[in-house]
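Scroll down for the structure; my scribbles are underneath it.
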Amino acid sequence: MFDVGFTELMLVGLVALLVLGPERLPGAARTAGLWIGRLKRSFSTIKAEVEREIGADEIRRQLHNERILDLEREMKQSIMPPSSAPEAKPAETEDVAPVPEPTAPAPRPDRSPEP
């Protein structure tokens, strides 16, 4: 995050010693350390909570997708129930219209003259 080297820390320590003096410097360093520790703990807590929420959202999304897939399977099964044996079409009759067989003409009623 911050690229602070040893020389920068020494410079900050020297300025703090000159500004605060040797009597107040240990108390100020202790207070600064406590505040930094609190900030780190707060950030780590927030980070853990966000990661937990992201994980919970992902789990909710997966469960929702699984429910949708289950519903889709149920719909397919209700529309087309599985058959025990698939019907096989003969290769000769594919896409060919059946040809009607010739039939004998129907007999006509005889018109006989009435007596």
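The values are calculated or read from the model by the stated rules, or taken from the named source; none is laboratory data. Small disclaimer: the values here were computed from a predicted structure and weren't measured. Cβ placement follows ideal geometry from the backbone for every residue including glycine, while neighbour counts extend to all protein chains displayed. Surface areas here come from the heavy atoms of the whole protein model, side chains and all, with no ligands, DNA or RNA. Shrake-Rupley method; radii C 1.70, N 1.55, O 1.52, S 1.80 Å.
Output yes when any residue across the range 1-19 is assigned to a helix (DSSP H, G or I) and at positive phi, and no when none is. No, the range 1-19 has no match at all.
Scanning the range 1-11 for residues that are modelled with pLDDT of 90 or more and surrounded by 10 or more Cβ atoms within 10 Å (Cβ to Cβ) returns E8, M10, L11. Selection of the range 12-30 for residues being under 51 Å from the mean Cα position of the chain (by Cα) and open to solvent by 90 Å² or more (accessible area, probe 1.4 Å) yields V12, R30.
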